[in-house]
Amino acid sequence: MDGTELDLWGEATAPAPARRVSVLLPLPLGRPLDYRLPQGESAEPGTIVLAPVHGRMLHGVVWDSDPDPAFPLSRLKTASVVPGLPRLAPALRRLIDWVASYTLSAPGEVLAMAIRAPLLAPLPDRTVTLFGLGQTQPEGSQLTAARRRVLDILGDGEAQSLPDLVQEAGVGAGVIRSMAERGWLQAIEGAKAPAFAQPDPAHLGAASLSGDQRAAADALAASVADRTFSVTLLDGVTGSGKTETYLEAVAEAIRLGRQSLILLPEIALSAQWLERFARRFGVPPAVWHSDLTPATRRRTWRAVADGTASVVVGARSALFLPFADLGLIIVDEEHESAFKQEEGVIYHARDMAVVRARIESVPIALVSATPSLETLANVEAGRYRQLSLASRHGGASLPEVAAIDLRATPPERGRFIAPPMIQAITDTLERGEQAMLFLNRRGYAPLTLCRHCGHRFACPHCTAWLVEHRQRRILQCHHCGHAETMPDACPACDATDTLTPVGPGVERLTEEVELLFPDARRLVMASDTIGGPEGAARAAQQITDRKVDLIIGTQIVAKGWHFPHLTLVGVIDADLGLAGGDLRAGERTLQLLHQVAGRAGRAEAPGHVMLQSYAPEHPVIQALISGDIAAFMEAEAEGRRPGHWPPFGRLAALIISGEDMVETDRLASELGRRAPHAPGVEVLGPAPAPLAMLRGRHRRRLLLRTRKDIAIQPILKNWLAEVVISRNVRVDIDVDPVSFL
Ligand code: ADP
Ligand code: ZN
């Protein structure tokens, strides 16, 4: 009943104001929708409600915008408050709005990243069933590998929930239930869900920091205590103790009872980092990434919201967690392009982390041995503070870097390891040290062709060659996943025994290594064969334990690992990243190779790095050899400044894509014709994207470049408003593009 209500005396009184609320839904809508709340209910902004949309019930959040008072109340649908859920704090709401307007996404799409996963599942009870060890144990043939893993995990003492056990032991739920039925496990009903233990800053105590480590740690800790916004670049060569240093700032936040967020580019490869954290603080941190089980996600999300998870380490999506009292943000390896999300809401987690820090009024530290030009420019402009660690910790020297000129000393025909590299590996292995070969290409060969007719195997859905994976006997597209079995004869000319691999991938390189060093214990580390986070952790442990002599890997070997016995790093194709020629090709190659090189010589024995190159005179190779990265970055900056290229200007890409080429081209040219004209504003394109076809969609690109003092979003908005975008064609907007594919 709306309208009037009778009071005791039977007279009409003014109706209680019906509660209209504006609700942001996790959908690509332009704005929040208005709802009303049931009589007697009210909801402040941030409250999570269930609201009907197109016949479905969705979780949404009461937003700060004002509902339309003129709309007839009776026609509003009713949303109801979901009891027991935390409210989204104003800072997180502002972040969502901010990210939406910066990336030109719908606020609801950004909201979806903040609330989707934890809320869609039914609300958990306050209590759960935990499993512990039972009275008897399986013996003999009953003790299968799966059962043993479950028992091993529970052997540590703590009882675990079913989903956690399933995930940790890698077994089906049925295994655990049947073990409980047989009395090998004991089900503990109604237990409290395990809470996140509090990290203890005094557990191990701070390492005895060197002079500049101490100074940097103190400065960061002081910023945490200050509770004000500041951005610090913490840089220093690989192994200089940056992690050691920023963990002291985290310790300070813990002491002050405030939460810390640490963003890592690839959390799945961070086993060593997590171990190190646990050693320092006694317990592991809360972890956030896309592979968590729903139950763990829900538990973590709640614990972040109620403040019991005091340190969260996560991938970029952790940026949208509902921190109760955030005190510090760290972005480790800030230069990494993995921080850029390329699909859905296209955003850069490093940049948005700075935005969150500003909104929350907390310090943020960007950490890297090879900071991005964007960050360096901000230091130069005085917006960011710089704290530098000068040298490797404990007297470990930086590895010596040399180039192998492939023009002068080429590998044998059909081989990829040049004689000087073979010699260096031989010497290293003879000394009982470890060597690593780096090649950033998965599979056996990046291209297969027919020697008879010249046919090349290409993806039917993408502008890309199919990559041979010999062990799996397939040809695969690394863009869309399309795979076909390797044929016996050429599909074009029917010739047999004419299909030839062109170029190396790690699989092929491994074959060569087997021939050259048959006695060396080899380990291949590639993202598709390593076996997930656990596999990566096991591999790292094997290397640390010296169970391996020679490591062959793709870029996953570059990631922050600390391998004390590794003294030689060989880069098979140092020119690989330079070919693309996009804006940051040089910068990115330098960062990657510097990071790979940084794996060598991290303990007492000195490290050596050898770069195989056809162009050793290239500035990137020269910078790696001399170690003068700063000079290289200055030269890069000078190259970008005059043309107003980032970071000295702004860039946004429009990617027009559709299954129909004519329609796609039509929209691309229409956008080209209506391109904005103004001083300091320039449009390049339309042009076919380098990946002119991706997953069966044709792709065209336009690039909008403006001077730094011109806001790019309003220009984009006006521009897009001038064209009609049909349903078959899509325009993706990429503000501050990192990829130009
Ligand atoms: P970065 O993050 O700069 O690569 P790390 O923090 O990983 O450097 O340090 C490299 C290695 O040196 C690690 O094994 C770390 O534990 C050790 N280390 C760094 N600083 C100290 C210190 N002050 N005392 C003891 N060990 C240190
Ligand atoms: Zn493909």
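The values are calculated or read from the model by the stated rules, or taken from the named source; none is laboratory data. Because the structure is a prediction, the values reported are computed rather than measured. Cβ atoms come from the backbone with ideal geometry, glycine included; neighbour counts cover every protein chain shown.
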Being outside any strand (DSSP E or B) and either within 16 Å of ligand 1 (Cβ to nearest atom) or exposed (fewer than 15 other Cβ atoms within 10 Å of the Cβ) (or both) narrows it down to one of 292, 234, 274, so name that one.
274
Considering the range 444-485, residues that are among the small types (Gly, Ala, Ser) and away from ligand 2 (no atom under 14 Å from the Cβ), and then whichever is nearest to the chain's Cα centre (by Cα), we arrive at 445
Could you tell me how many of the residues in the range 1-48 are farther than 18 Å from residue 97 by Cβ, part of a strand (DSSP E or B) and modelled with pLDDT of 90 or more?
3
Boolean, residue 244 is surrounded by fewer than 22 Cβ atoms within 10 Å (Cβ to Cβ), within 14 Å of ligand 1 (Cβ to nearest atom) and within 28 Å of residue 377 (Cβ to Cβ)
yes
Step by step: first the residues of the range 129-168, then only those that are among the small types (Gly, Ala, Ser) and either without any contact (Cβ under 8 Å) to a residue 40 or more places away in the chain or out of contact with any strand residue (DSSP E or B) (no Cβ under 6 Å at 6 or more places or on another chain) (or both), then the one that is surrounded by the most Cβ atoms within 10 Å (Cβ to Cβ). Which residue is that?
159
Specify which of the listed residues (114, 121, 146) is modelled with pLDDT of 80 or more and over 17 Å from residue 182 (Cα atoms).
114
Just to check your reading of the model, which residue among 557, 569 is in a strand (DSSP E or B), crowded, with 18+ Cβ neighbours inside 10 Å, of a type in the set (A, V, I, L, M, F, W, C) and within 16 Å of ligand 1 (Cβ to nearest atom)?
569
Would you please name the residue that is modelled with the highest pLDDT, looking only at residues in the range 169-193 that are under 23 Å from residue 308 (Cα atoms) and surrounded by 15 or more Cβ atoms within 10 Å (Cβ to Cβ)?
191
Within the range 480-499, is even one residue outside any loop (DSSP other than H, G, I, E, B) and in contact (Cβ under 8 Å) with a residue 40 or more places away in the chain?
yes
Can you find, within the range 644-662, the residue that is farthest from residue 634 (Cα to Cα) among those that are crowded, with 20+ Cβ neighbours inside 10 Å and of a type in the set (A, V, I, L, M, F, W, C)?
656
Determine whether the range 492-509 contains at least one residue that is within 16 Å of ligand 2 (Cβ to nearest atom) and either over 18 Å from residue 446 (Cβ atoms) or of a type outside the set (Phe, Trp, Tyr) (or both).
no
Condition check: at pLDDT 95 or above and surrounded by fewer than 19 Cβ atoms within 10 Å (Cβ to Cβ). Does residue 621 satisfy that?
no
